[in-house]
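Please treat every number below as a calculation from the coordinates, not as lab data. Note that the structure is a prediction, hence the values are computed from the model and not measured. Because the Cβ atoms are built from the backbone with ideal geometry, glycine has one as well, and the counts that use them run over all protein chains shown.
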Amino acid sequence: MTKGVKILIIIVAALFIGSVIWVILSHRTSDSTYVEIVQNNKVLYTLDLSKEKDRTFRIESNDGGWNEIKIENGKISISDADCPDHTCVKTGVLRSETMPIVCLPHKLVIRFAEKEQS
């Protein structure tokens, strides 16, 4: 085996191992119970899911659209929306700090927060 082939095998192995580590870390669940609901870069709500009661509420968009937010058993998700593709609804429950729930048509983001903000 030539030196070039050995180097190529090492590079491919390093990329593979790095990819596996990145996937594991990016899908890790968050320890935080605080979430922010942000629309148009403005924090609308900061919630502690460990203290929130099960409920559903609606957030209206400036363009007349809406997203229905569901909090159940200490988890948050978008249960319904009037956007065309429903990607935000299909995302499911917020699990990871690196993968927020996003509704692009309504410029809405639900993400984990470091701590409660006043």
Legend entry - Dipole magnitude (debye, nearest 20) for the chain, charges at Cβ of Lys, Arg, Asp, Glu: 600 debye
Legend entry - Distance (nanometres) between label positions extended 7 Å along Cα→Cβ at K3 and S96: 4.0 nm
Legend entry - segment 1-102: relative contact order in percent, alpha carbon pairs under 8 Å with at least 6 residues between: 20 percent
Legend entry - Cα-based helix-to-principal-axis angle, 3-26 vs the chain, degrees rounded to 10: 20 degrees
Inset, instruction - For the chain, just the Cα atoms, rotate onto the principal axes and tell me the three extents in Å, largest first. - result: 64, 32, 24
Legend entry - Gained length - N40 relative to I24, 0.36 nm times residue gap less alpha-carbon distance: 2.7 nm
Legend entry - Residue order, fewest to most beta carbons within 10 Å, for R111, R58, R95: R58, R95, R111
